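Okay, structure first, notes after.
The values are calculated or read from the model by the stated rules, or taken from the named source; none is laboratory data. The model shown is predicted, which means the values in this text are computed figures rather than measured ones. Positions of Cβ are backbone-derived with ideal geometry, glycine not excepted, and every protein chain shown enters the neighbour counts.
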Amino acid sequence: MTCDIILCGVGGQGGLSVSVVIARAAMASGFVVKQSEIHGMSQRGGEVLANLRISDKEIYSPTIPKGKADIIFAFEPLEALRYLSWLSVEHGTVVAATTPIRNIPSYPDIESVLAEIRKLPRARLIDADALAKQAGNVRSANLVLVGAAADLLPIPPEAIEHEIVALFSRKGEAVVQANLKAFAYGRSIQHG
Amino acid sequence: MPYRLSRQGKGFAMTEMVLSGDEAVAQAALDAGLSGGFAYPGTPSTEIMEYLQEHLGDRAGTGDADGGAEQGSVVESRTAMRVAQWCANEKTAYESALGVSFAGKRAMVSMKHVGLNVAMDPFTNSALVKIHGGLVVVVADDPGMHSSQDEQDSRVLADFARVPCFEPSDQQEAYDMTRLAFDYSEKHEVPVLVRLTTRLAHARALVTMAPAREVADRGKCTDRYSWILMPEMARRRWLALLGKQAIFKADAEAASRLVLGSKELGVITCGLARAYYKENEDEWARAHGGERPSHLHIGRYPVGAEKIRALVAHVERVLVIEEGYPFIERDVRGIFGAPVPVAGKMTGEIPPAGELSAESVRSALGLHAIEGSAVAGIEVPGRPPQFCQGCPHADSITALKKALEGEAEFFTASDIGCYTLSALPPWNAVESCVDMGASAGMARGAASVGQKHAIGVIGDSTFYHSGMTNLIDAVRYRTPMTLIILDNGTTGMTGAQPTISGTSQLPKLLEGLGVEKEHIRVLEAHKRALDTNVAIIREEIAYNGVSVIVMVRECIEWLKKARKS
C-alpha cells in the first residue's frame with residue numbers, strides 16, 4: 001500500500017503544518033512516511049509545494065514521481081492545475097479549495113480554473129473558507145480539505161483528530177475545537 | 001518542525017524521531033558531544049543552526065538562544081561551555097570552528113554551497129593543520145537552484161582541499177555519517193565535509209538515534225607547530241595530508257556497497273541519487289526477467305577504484321547517477337575511455353543541469369514515462385515569490401525608483417537577499433545580483449571608470465557579511481557612489497534570523513569606516529516618508545563622493561515570528 005500526496009498552495013497558507021498532521025497520524029497508524037518540502041524563496045507569497053509519501057514498506061524518492069500522486073490537496077485552486085502532471089491518470093483525486101488568491105496580475109478567470117478542475121474524472125471542489133468560518137476559525141480551511149478526503153487516506157480519522165489536538169493544543173482550546181470541527185465538516189461533505 | 005512520535009502501546013522507542021536531513025545532522029552533532037556550532041544562514045542549510053540553537057542557545061551554558069544571560073554568568077565548567085551561533089559570514093564561522101578544534105572540543109560549521117566559496121581560505125588551509133577536536137563542515141548544495149545563484153558541487157571542493165567527504169543518501173545516513181565524521185576527523189586529524197543536497201536537507205523521515213556521548217574535550221592542542229602554516233611547517237603538513245589520502249580512499253572503498261546482479265546493466269549511484277534509483281529498480285527488474293541491475297553505491301570520497309572496476313568487469317554497460325557535477329562519471333570514463341559504454345550527465349542520458357528526479361532516472365534506465373493528468377484549456381501562470389504585504393523593502397525600492405525618474409544614466413547594482421525580488425516586475429528596479437556583497441563592489445568599480453550615479457542596494461545582513469570591505473575601498477579612493485543599506489534587522493529570505501549587529505550600531509560603524517558623517521543618512525523605510533526619502537536619495541546620488549543611505553524598518557516576517565514567541 002502506498003499513498004502519495006501532493007499538498008500545494010501559496011506561501012503563508014499553512015499547508016506545511018497540515019502535512020505534519022497527516023504524516024504523524026500515518027506513522028501513529030503504523031505506516032512509514034517521507035515528507036519533502038521546499039523552503040526559501042517560495043515562502044514569499046510564491047507557490048508552496050509539499051510532498052507526503054505514506055507506505056507500508058520502505059520509501060525511496062523524497063519526491064513523488066510524475067503521474068503517481070494519489071491525492072492533490074490544493075489550498076488554492078490555480079495551484080491544483082500547476083501540479084496535475086503529478087496526478088495519477090488511473091486513480092488520482094484532486095481536492096481543492098475554491099477561493100482564489102490573486103496575488104499575480106495574470107490570474108486567469110476563476111470560473112475557467114474551476115471548470116478545468118471539474119473536468120477531471122475525480123475532483124472535489126470545496127468551499128473550505130466558508131466551512132472553516134462556520135467552524136470558528138478561517139485558518140482551519142486546510143483541515144476542511146483533509147476532512148473532505150479522509151475516506152481516501154489509509155489512516156483512521158481518529159488518528160488525525162488525535163494529531164490535530166496534539167499539534168494545536170499549545171494555541172488553546174478554542175483553536176483545537178475549531179480545527180476538529182473543520183475536519184468534521186470536511187468529512188460530512190457528500191461527494192457525487 | 002522535528003517531532004517525536006507517540007505510538008502508544010507499540011513499544012516505540014524515544015530514540016526515534018522524524019527529522020529532516022538538516023535536523024538529523026544537527027541532532028547527530030549534539031549526540032556526538034558538540035561544543036561549538038557556527039553558521040551563516042543560507043537555504044537549504046539554515047535549519048541546522050536553528051535546531052542547534054533550540055538545544056544549546058547562543059550563549060554558553062544558558063541553553064537559551066538570543067538574549068539569554070550575559071556571557072559567562074551561569075557557566076560552571078568548561079564542559080558546559082557549548083554554543084550555537086550565527087556569525088557574520090561563513091569565513092568567520094569557519095574560523096570560530098577552527099578555534100574550538102584547537103581548544104580540543106568538537107566543532108561544526110554549516111553553510112550552503114556558495115557559502116563554502118566565502119570560507120574557502122580557512123577550509124583549504126585547515127586541511128593542513130592537525131585537527132584536534134573533531135571538525136565537521138556541513139555543506140548543503142542546491143542543485144536546481146531552488147534558492148541559489150548557481151549549482152556548484154561541493155564534492156569537487158572537498159577533493160580540491162584533499163579532505164574526506166561523506167555524502168548521505170537519506171536522513172538516517174545524515175545522522176549516522178555526521179556522528180562518524182566527528183570520530184573520523186579526530187582519528188585522522190582532518191576536517192570532514194558532509195555534503196547534503198536540497199531534497200535531503202528538506203525532506204523528513206524517521207531517524208533512529210544512537211545514545212549520546214558526553215561532551216568531548218581533549219584539552220588544548222599542545223603541538224603548535226602543526227597549526228602554524230609558515231612555509232617550512234606547511235610543507236611538512238602538506239606531505240602529511242597527501243600521505244593520508246590512501247587511507248581515506250581505502251576507507252571510502254570499504255564503505256561503498258557493491259551488489260552484482262544483471263550483466264546487462266551496472267548502475268553507480270552517489271548520495272541521494274540512490275533514492276531515485278531504488279524508486280525505479282523493481283520496475284527495471286520486472287521488465288528484465290526479474291533480475292536487478294548490478295549496483296554500486298558510493299557515499300564517501302575520495303573514491304577508490306576497485307569496486308568500480310569489479311562492477312565494470314561484470315556488466316555490458318554502466319549508468320552513473322549523481323546529484324551535481326558528473327564527478328564520479330568523469331573518473332569512470334577517464335581519458336582513455338571505459339571498457340564498456342558509460343551513460344550519465346556527460347552524454348545526456350541524465351540531464352546535465354538541475355536536480356535529479358525519479359522521472360529523469362527512470363528515463364535514463366530506459367523505462368517508459370508515466371503519463372500524468374493534464375490541463376488542456378488554460379495556461380497556468382507562474383506565481384513567483386514577492387515582497388510580503390507591508391515589507392519595508394517595497395517602500396525603499398519605491399523611493400529609489402522615484403528618485404531615479406528622469407535620470408538618463410545610472411547603475412543599480414543589487415545583492416543577495418529579499419530585495420533582489422525588486423529585479424522582477426512590477427519593480428524592474430535593479431540590474432545585477434551576483435554574490436554576497438557584490439552590489440557595493442560593482443557600483444564602486446563602475447563608478448571608478450566613469451559610470452554616473454552608481455548605486456549599490458544591499459541588506460544589512462549582507463553588508464556585514466561581505467559589503468563592508470567594498471565600502472572601505474570606496475572610501476580609500478573617494479569613489480563617487482551611493483550605497484543604500486536596507487536595514488531590516490534580519491536575514492529575511494532564510495526565515496528571519498537576527499542580523500549579527502544591531503541597527504543602532506550601523507551609523508557608528510559607517511563613520512568608523514571613513515564615510516563622512518553628513519553623507520550617512522538614516523531614513524525610515526516607510527511610505528509615509530516617501531517624499532523625504534526621494535529627496536534625500538536624489539541629494540546623495542548627486543554627491544561626488546561616498547554616501548551611504550540606511551533605510552530602517554523591521555522585517556515583517558521577523559515581527560510575525562517575534563509575536564509568535
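List the pairs whose first member sits in the stretch A:85-106 and is within 8 Å of chain B (Cβ to nearest Cβ), whose second member is of a type in the set (Ser, Thr, Tyr) and part of a loop (DSSP other than H, G, I, E, B), and whose Cβ atoms are under 8 Å apart, counting only residues at least 6 apart or on separate chains?
Once the first residue is within 8 Å of chain B (Cβ to nearest Cβ) and sits in the stretch A:85-106, its partners that are of a type in the set (Ser, Thr, Tyr) and part of a loop (DSSP other than H, G, I, E, B) give A:85/B:373; A:87/B:373; A:88/B:373; A:89/B:373; A:92/B:373.
Would a scan of the stretch B:116-124 turn up a residue that is in contact with a Cys (Cβ under 6 Å, 6 or more places away or on another chain), in the same structural domain as residue B:224 (by TED's automatic domain parsing) and hydrophobic (A, V, I, L, M, F, W, C)?
no
Counting only residues that are surrounded by fewer than 19 Cβ atoms within 10 Å (Cβ to Cβ) and in contact (Cβ under 8 Å) with a residue 24 or more places away in the chain, which one in the stretch B:378-403 is nearest to residue B:444 (Cα to Cα)?
Only one residue tops the list, namely B:401.
Pick from B:174, B:181, B:140: which is hydrophobic (A, V, I, L, M, F, W, C), modelled with pLDDT of 95 or more and not in a helix (DSSP H, G or I)?
Exactly one of B:174, B:181, B:140 is hydrophobic (A, V, I, L, M, F, W, C), modelled with pLDDT of 95 or more and not in a helix (DSSP H, G or I), namely B:140.
For the stretch A:105-118, what are the residues that are surrounded by fewer than 16 Cβ atoms within 10 Å (Cβ to Cβ) and either part of a loop (DSSP other than H, G, I, E, B) or touching a Gly at 6+ places or on another chain (Cβ under 8 Å) (or both)?
A:105, A:106, A:107, A:109, A:112, A:115
Where residues in the stretch A:34-56 are more than 7 Å from every other protein chain (Cβ to nearest Cβ) and at pLDDT 95 or above, which of them is surrounded by the most Cβ atoms within 10 Å (Cβ to Cβ)?
A:53
In the stretch A:73-80, is there at least one residue being under 24 Å from residue B:362 (Cβ atoms), hydrophobic (A, V, I, L, M, F, W, C), at the interface with another protein chain (Cβ under 10 Å from one of its Cβ atoms) and in contact (Cβ under 8 Å) with a residue 40 or more places away in the chain?
No, that holds for no residue.
Report yes if residue A:15 is under 10 Å from the mean Cα position of the chain (by Cα), of a type in the set (Gly, Ala, Ser), within 11 Å of chain B (Cβ to nearest Cβ) and buried (at least 22 other Cβ atoms within 10 Å of the Cβ), otherwise no.
When the stated conditions are applied, residue A:15 does not pass them.
Of all residues in the stretch B:347-365 being part of a loop (DSSP other than H, G, I, E, B), in contact (Cβ under 8 Å) with a residue 40 or more places away in the chain and farther than 16 Å from residue A:67 by Cα, which is farthest from the other protein chains (Cβ to nearest Cβ)?
Restricting to residues being part of a loop (DSSP other than H, G, I, E, B), in contact (Cβ under 8 Å) with a residue 40 or more places away in the chain and farther than 16 Å from residue A:67 by Cα, the top hit is B:353.
Output the number of the condition that residue A:130 fails; it satisfies all remaining conditions of (1) small (Gly, Ala, Ser); (2) within 11 Å of chain B (Cβ to nearest Cβ); (3) free of Cβ contacts under 8 Å to residues at least 24 places away in the same chain; (4) more than 30 Å from residue B:169 (Cβ to Cβ).
Residue A:130 satisfies all of (1) small (Gly, Ala, Ser); (2) within 11 Å of chain B (Cβ to nearest Cβ); (3) free of Cβ contacts under 8 Å to residues at least 24 places away in the same chain; (4) more than 30 Å from residue B:169 (Cβ to Cβ) except (2).
In the stretch B:417-432, which residue that is in a loop (DSSP other than H, G, I, E, B) and either of a type outside the set (A, V, I, L, M, F, W, C) or crowded, with 18+ Cβ neighbours inside 10 Å (or both) is farthest from the chain's Cα centre (by Cα)?
Taking the candidates together, the pick is B:426.
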